[in-house]
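To start, the structure under review is shown below, and the notes come after it.
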Amino acid sequence: MAWKWRQQVAVEEAARLLTYRAAYNKSNNLPYAKEAAMAKMFASDAAMAVTTDAVQIFGGYGYSREYPVERFMRDAKITQIYEGTNQAQRMVIAGHILR
């Protein structure tokens, strides 16, 4: 369990740094579409992975509305959908890379 927690902390930091990079570029009038798409895609995928792990750790309780874990997972899932699906974000990233 400890290794999983440490890995999740590292993934959270990576998501934060991608977000900071996109914000820095936007604040400094630099191109930021690719960076924003990368941050959104990575952070939402990471949130879904972390909450899926949490549900598995909690077992049957992970699906119960008595515990907040199931809501966290629902909240994480919607981040992969709104403001552009992660598939759309991947297309934005690929478009910038293939230029």
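Below, the figures for the structure above:
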{"item": "Restricting region 43-67 to residues that are assigned to a helix (DSSP H, G or I) and among the hydroxyl-bearing types (S, T, Y), the residue that is farthest from Q87 (Cα to Cα)", "result": "Y61"}
{"item": "Top-ranked residue of region 43-66 - restricted to ones that are of a type in the set (D, E, K, R) and within 15 Å of Q8 (Cβ to Cβ), ranked as nearest to the chain's Cα centre (by Cα)", "result": "D45"}
{"item": "Candidates K34, K40 - the one that is in contact with a His (Cβ under 7 Å, 6 or more places away or on another chain), assigned to a helix (DSSP H, G or I), touching a residue at least 24 places away in the same chain (Cβ under 8 Å) and surrounded by 14 or more Cβ atoms within 10 Å (Cβ to Cβ)", "result": "K34"}
{"item": "Number of positions in region 43-99 that are exposed (fewer than 14 other Cβ atoms within 10 Å of the Cβ), in contact with a helix residue (DSSP H, G or I) (Cβ under 7 Å, 6 or more places away or on another chain) and of a type in the set (F, W, Y)", "result": "1"}
{"item": "Count of residues meeting criterion [in a helix (DSSP H, G or I), of a type outside the set (F, W, Y) and free of Cβ contacts under 8 Å to residues at least 12 places away in the same chain] in region 17-31", "result": "5"}
{"item": "Test: M38 is of a type outside the set (G, A, S) and over 18 Å from Q7 (Cα atoms)", "result": "yes"}
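Read the figures in this text as sums done on the coordinates, not as results from a lab. Computed from a predicted structure; not experimentally measured. We place every Cβ from the backbone using ideal geometry, glycine too, and count neighbours over all the protein chains shown.
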